Amino acid sequence: MPLNCSSLATKVPLTLGGLKTTAATTTIRVGGGGFFNLFNKTHQNNSLYIASLSLNKRNSSQRYCLSSSSSSVMEDTKDMGFSTLESGKYSKELDIAVRAVQMACFLCQKVQESLISKTTSQVQAKDDNSPVTIADWSVQATVSWILSETLGSRNVAIIAEEDVQTLSKADSAGLLEAVVQTVNDCLAEAPRFGLKAPGTSLGRSEVLEAISRCNSTGGPKGRFWALDPVDGTLGFVRGDQYAVALALIEDGEVVLGVLGCPNYPMRKEWLSYHHRYHRIISKLTPPTSESWDKGCVIYTRRGSGEAWMQPLIQGHKKLVWPNSATPVKVSTIENPALATFCEPVEKANSSHSFTAGLAHSVGLRKQPLRVYSMVKYAAIARGDAEVFMKFARAGYKEKLWDHAAGVIIIQEAGGVVTDAGGRPLDFSKGIYLEGLDRGIIACAGAKLHEKIIRAVDASWNSSSL
């Protein structure tokens, strides 16, 4: 039986992540409570308990501070050089992207709380019957506004998953109003994330404009951002794993990536448990317990040779760079019998039977870890898993925003990502990964990757894909 994140697991592995941290966070008090006011008034029976986040015991040797400036959307971030990520090309864009994703995760956590009441007004169906929520539109509007304000709207092109078609319908006035309120409540918290809030609340037209501004079609030339506001919306609706993914692509190459994983547990062994189980256990442990800490943002820049992870900003804390960031590296496990492999939860998104056959042929003996969203990429980058395989049904085309951020993070953390033919994924063909050979294979190391490539070649003709 696979270890599904959509059902309770019965067995807990003993291995821990074991990451080191050296920086300290700073806590401040802020006023307001817009998100809680919005959703608590509307849904009195919310029952999603979000555990507070802290990494393992940290050694504090230096405190960092930000000085605000009314003339700049982004606060001063000089003298933050704790790694090569903080200097050089794309450093400004990376800094803004990390802060934007932190804010987006904050927004998603509040919306997910309200979804536990099982209200249907916040969940809509797209043309392909996949779900879309207030969080999808609100995150897209928020990130779009932040990027445009900090980098200049003329300098920002965004390709993203959602459009304004549903929100613009006459019978969607209530839904649009909820999105507008959610966006404004989030942007009001911008100073906590080192960003400047808008002078006045955004109106309906401004929110719709921010969403519809994400109309880039990509391509081989120029620069554009790729955003998946809520990757794994089905997991999000079910109170399980999901991700906020943001990547910058220049001349067809991904140059930076940020993955926000709000429900990713900081201890590896809890990744195989459904998120609702965390809520139950959190009631039985002290509020300050680190056993159930969760939520992180992982990020990198092309050519840096490193990826970093920050905890999410929780409660009334302020993002003080580098926010207790820790380096992440892929696992060094090369023995297939000891490796853990990930695959999508939904059978419609990948052939479980084919990956099971591949796993057996290359000697993967552990049960598959089925996880929603790009959290699978995060698991490999963090060293919590070694293999991710996805072989979609015939006719399905992989979308650029579902992979861009995760691919560069694994690569810079030391891993390998290609299609099933061993070729790099091509992000220069528009919104789809055109020319993809059969499927996608991500591995912690080259040896495992080569074994899986050979196994695919040997068994593909007998598959029904």
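The values are calculated or read from the model by the stated rules, or taken from the named source; none is laboratory data. Keep in mind that what you see is a predicted model, and the values were worked out from it rather than measured. Backbone-built Cβ (ideal geometry, glycine too); neighbour counts: all protein chains shown. For the accessible areas, the whole protein counts, side chains as well, though only heavy atoms, and no ligand, DNA or RNA atoms are used. Shrake-Rupley method; radii C 1.70, N 1.55, O 1.52, S 1.80 Å.
Of 152, 81, 88, which residue is at pLDDT 90 or above and either open to solvent by 10 Å² or more (accessible area, probe 1.4 Å) or polar (S, T, N, Q) (or both)?
152
Within the range 308-317, identify whether any single residue is assigned to a loop (DSSP other than H, G, I, E, B), in contact with a Lys or Arg (Cβ under 9 Å, 6 or more places away or on another chain) and of a type in the set (S, T, N, Q), and answer yes or no.
no
Would you check if residue 230 is of a type in the set (Val, Ile, Thr), modelled with pLDDT under 95 and either open to solvent by 30 Å² or more (accessible area, probe 1.4 Å) or within 17 Å of residue 143 (Cβ to Cβ) (or both)? Can you show your working first?
Details: of a type in the set (Val, Ile, Thr): yes; modelled with pLDDT under 95: no; either open to solvent by 30 Å² or more (accessible area, probe 1.4 Å) or within 17 Å of residue 143 (Cβ to Cβ) (or both): yes.
For residue 230, the condition - of a type in the set (Val, Ile, Thr), modelled with pLDDT under 95 and either open to solvent by 30 Å² or more (accessible area, probe 1.4 Å) or within 17 Å of residue 143 (Cβ to Cβ) (or both) - is not met.
Are there any pairs, at least 6 apart or on different chains, whose C-beta atoms fall under 6 Å, with the first in the range 367-388 and under 17 Å from residue 351 (Cβ atoms) and the second among the basic types (Lys, Arg), and if so, which?
Cβ pairs passing all conditions: 388/376.
Looking only at residues that are in contact with a strand residue (DSSP E or B) (Cβ under 9 Å, 6 or more places away or on another chain), at pLDDT 95 or above and open to solvent by less than 50 Å² (accessible area, probe 1.4 Å) in the range 326-335, which one is nearest to residue 196 (Cα to Cα)?
Only one residue fits best here, namely 328.
Report, ordered by the first and then the second residue, all pairs with beta carbons closer than 8 Å, sequence separation of six or more or different chains, a first member in the range 89-101 that is in a helix (DSSP H, G or I), and a second member that is among the basic types (Lys, Arg) and at pLDDT 95 or above.
91/301; 94/301
Yes/no per residue for (1) of a type in the set (D, E, K, R); (2) farther than 20 Å from residue 260 by Cα; (3) touching a residue at least 40 places away in the same chain (Cβ under 8 Å):
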residue	(1), (2), (3)
401	no, no, yes
406	no, no, yes
438	yes, yes, yes
448	no, yes, yes
451	yes, yes, yes
458	no, yes, yes
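Looking only at the range 353-367, count how many residues are in contact with a strand residue (DSSP E or B) (Cβ under 8 Å, 6 or more places away or on another chain) and of a type in the set (S, T, N, Q).
Summing the residues that are in contact with a strand residue (DSSP E or B) (Cβ under 8 Å, 6 or more places away or on another chain) and of a type in the set (S, T, N, Q) in the range 353-367 gives 2.
Here is a check on your reading of the model: is residue 220 in contact (Cβ under 8 Å) with a residue 12 or more places away in the chain, under 18 Å from residue 425 (Cβ atoms) and in a loop (DSSP other than H, G, I, E, B)?
Criteria met by residue 220.
Considering each residue of the range 367-382, count those that are farther than 16 Å from residue 441 by Cα and open to solvent by less than 20 Å² (accessible area, probe 1.4 Å), and give that number. Working first, answer last.
Applying the first criterion (farther than 16 Å from residue 441 by Cα) to the range 367-382 yields 367, 372, 382.
From what's left, open to solvent by less than 20 Å² (accessible area, probe 1.4 Å): 372, 382.
Residues meeting the conditions: 2.
Tally the residues that are buried (at least 22 other Cβ atoms within 10 Å of the Cβ) and free of Cβ contacts under 8 Å to residues at least 60 places away in the same chain, restricting the search to the range 351-366.
3
Among the residues of the range 374-394, count how many are part of a loop (DSSP other than H, G, I, E, B) and among the aromatic types (Phe, Trp, Tyr). Let's see the steps before the verdict.
Start the filter on the range 374-394 by keeping residues that are part of a loop (DSSP other than H, G, I, E, B), which leaves 374, 382-386, 391-394.
Pick out the ones that are also among the aromatic types (Phe, Trp, Tyr) and you get 391.
Going through the range 374-394 one residue at a time, the tally reaches 1.
Determine whether residue 107 is at pLDDT below 95, crowded, with 23+ Cβ neighbours inside 10 Å and in contact with an Asp or Glu (Cβ under 9 Å, 6 or more places away or on another chain).
no
Which members of the range 413-465 meet the condition of being among the hydrophobic types (A, V, I, L, M, F, W, C) and part of a loop (DSSP other than H, G, I, E, B)?
Hits for the range 413-465 are 413, 420, 425, 427, 431, 433, 436, 444, 465.
Can you name the residue in the range 186-202 that is open to solvent by 20 Å² or more (accessible area, probe 1.4 Å) and in contact with a helix residue (DSSP H, G or I) (Cβ under 7 Å, 6 or more places away or on another chain) and is also farthest from residue 143 (Cα to Cα) among such residues?
Of the range 186-202, the ones open to solvent by 20 Å² or more (accessible area, probe 1.4 Å) are 188-189, 191, 196-201.
Remaining after also requiring in contact with a helix residue (DSSP H, G or I) (Cβ under 7 Å, 6 or more places away or on another chain): 188-189, 196-198, 201.
Values: 188: 14, 189: 13, 196: 13, 197: 12, 198: 13, 201: 15 Å.
So, considering only residues that are open to solvent by 20 Å² or more (accessible area, probe 1.4 Å) and in contact with a helix residue (DSSP H, G or I) (Cβ under 7 Å, 6 or more places away or on another chain), the one farthest from residue 143 (Cα to Cα) is 201.
Could you count how many residues in the range 186-197 are in contact with a Leu (Cβ under 6 Å, 6 or more places away or on another chain) and assigned to a helix (DSSP H, G or I)? Walk me through it before giving the result.
Going residue by residue through the range 186-197, those that are in contact with a Leu (Cβ under 6 Å, 6 or more places away or on another chain) are 186, 193-194, 197.
Adding the requirement that they be assigned to a helix (DSSP H, G or I) leaves 186, 193.
Number of matching residues: 2.
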